[in-house]
Amino acid sequence: MSGKHVAVLMGGLSSERPVSLSSGNACAAALEGEGFKVTRVDVGRDIGRVLEDLKPDVAFNALHGPYGEDGTIQGVLEYLEIPYTHSGVLASALAMDKKQAKLVAAQAGIPVAEALVMNRFDVGNTHPMAPPYVVKPVREGSSFGVVIVREDMAHPPQILTSSEWRYGDVVMVERYVAGRELTCGVMDGKALGVTEIVPLGNSFYDYDSKYAAGGSEHVLPAQISPKIYQKIQSLALKAHQAIGCRGVSRSDFRYDDRFSEDGDLIWLELNNQPGMTPTSLLPEMAALAGYSFGEFVRWMVEDASCSR
């Protein structure tokens with residue numbers, strides 16, 4: 001594959017544009033180091049014409065959020081018959097829609113938290129479920145728009161009905177699960193290691209915890225019992241398969257072991273386009289499995305196809 005022309009798709013139109021630019025530039029540099037001809041493409045609404053002019057051999061999808069990981073760009077690439085990385089149209093659309101992904105996961109026997117899907121204006125001034133609970137947009141990533149409603153709050157946060165809300169009118173109200181933040185990647189049909197994410201200075205793994213320098217600590221492998229470690233790996237692989245993902249994915253979990261080792265283990269969501277800087281969670285898991293960052297992105301290019 002060395003010498004092949006790879007178009008690295010990055011930037012895009014979503015709230016996660018800065019994250020995508022970081023991922024895309026890191027992957028482009030690594031692919032150049034692996035001997036590929038690389039074109040960095042800041043994706044706009046003219047992407048179809050741009051790709052027709054470029055005629056790349058492969059598209060490396062480093063987009064995040066709506067239009068980039070929800071099946072939209074995947075459909076464009078299928079239409080243009082350009083092999084691409086990550087999941088296909090249907091799996092991407094399912095993974096991006098938290099309601100549908102949760103339904104599919106539950107049907108596959110994966111433990112999920114109780115949740116309601118409703119219009120944000122219907123949340124109103126009365127709690128839709130007993131607090132604590134979490135309100136999140138159904139089609140956003142990077143923790144954009146996530147609100148934790150604590151037990152001492154008299155009513156839902158007013159931001160939900162404010163004109164400042166920018167994340168769509170449909171939200172998921174989900175039971176808050178206390179405990180540890182754990183995540184597990186899948187690559188080539190096999191589960192990778194389990195990481196515990198420890199936000200520093202914040203009890204919630206929000207945008208700053210994810211992307212700001214020193215925002216969180218990654219403990220890999222996670223210091224949990226072998227039984228729970230293997231269970232998380234099994235559930236991550238099951239979610240990847242149930243949603244129909246290809247290439248790589250990463251599933252997020254909450255694990256409450258305050259009262260027993262078995263505790264309360266809940267699958268939160270699957271990320272079908274995880275962050276891709278060398279210090280992002282998934283590349284760290286690949287490194288534990290023996291892949292350098294360059295080898296990891298090379299594998300993703302070699303795995304690219306249409307009809308995913």
- Query: Of the residues MET153, MET96, MET129, which is in contact with a Pro (Cβ under 7 Å, 6 or more places away or on another chain) and either farther than 23 Å from ASP256 by Cα or surrounded by fewer than 15 Cβ atoms within 10 Å (Cβ to Cβ) (or both)?
  - Reply: MET153
- Task: All but one of (1) crowded, with 21+ Cβ neighbours inside 10 Å; (2) under 30 Å from ASP264 (Cα atoms) hold for GLY71, so report the exception by its number.
- Result: (2)
- Limited to segment 79-93, what total is found for residues that are buried (at least 19 other Cβ atoms within 10 Å of the Cβ), closer than 22 Å to VAL297 by Cβ and of a type in the set (A, V, I, L, M)? 2
- Given the conditions (1) farther than 20 Å from ARG250 by Cα; (2) touching a helix residue (DSSP H, G or I) at 6+ places or on another chain (Cβ under 9 Å); (3) not hydrophobic (A, V, I, L, M, F, W, C), and given that ASP46 satisfies all but one, which numbered condition is not satisfied? (2)
- Note on the structure: Among the residues of segment 107-155, the number that are on the phi < 0 side of the Ramachandran plot, touching a Gly at 6+ places or on another chain (Cβ under 9 Å) and touching a residue at least 40 places away in the same chain (Cβ under 8 Å) is 6
- Query: Which of the residues that make up segment 248-267 are farther than 30 Å from ARG298 by Cβ, in a strand (DSSP E or B) and touching an Asp or Glu at 6+ places or on another chain (Cβ under 6 Å)?
  - Reply: ASP256, ASP264
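If you check SER251, SER307, which single one turns out to be surrounded by fewer than 23 Cβ atoms within 10 Å (Cβ to Cβ), touching a helix residue (DSSP H, G or I) at 6+ places or on another chain (Cβ under 8 Å) and touching a residue at least 60 places away in the same chain (Cβ under 8 Å)? Don't jump to the end; show me each part of the working.
Working: SER251 fails: surrounded by fewer than 23 Cβ atoms within 10 Å (Cβ to Cβ).
When all the criteria are applied, what remains is SER307.
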- Identify all residues within segment 12-39 that are touching a Ser or Thr at 6+ places or on another chain (Cβ under 6 Å) and surrounded by fewer than 24 Cβ atoms within 10 Å (Cβ to Cβ); write none if there are none. SER22, ALA26, GLY35
- Query: Taking segment 285-308 on its own, how many of its residues are assigned to a helix (DSSP H, G or I), over 13 Å from ALA30 (Cα atoms) and hydrophobic (A, V, I, L, M, F, W, C)?
  - Reply: 4
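Which residues, taken from segment 268-308, are acidic (Asp, Glu) and touching an Asp or Glu at 6+ places or on another chain (Cβ under 6 Å)?
The first filter runs over segment 268-308 and keeps only residues acidic (Asp, Glu), leaving 269, 284, 295, 302-303.
If the condition is that a residue be acidic (Asp, Glu) and touching an Asp or Glu at 6+ places or on another chain (Cβ under 6 Å), then GLU269 is the only one that fits.
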- In segment 1-49, how many residues are outside any helix (DSSP H, G or I) and not β-branched (Val, Ile, Thr)? 23
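We did not get these values from a lab; they are worked out from the coordinates using the rules stated. What you are looking at is a predicted structure, and each value in this text was computed from that prediction instead of being measured. Note: ideal-geometry Cβ built from the backbone for every residue, glycine included; neighbour counts use all protein chains shown.
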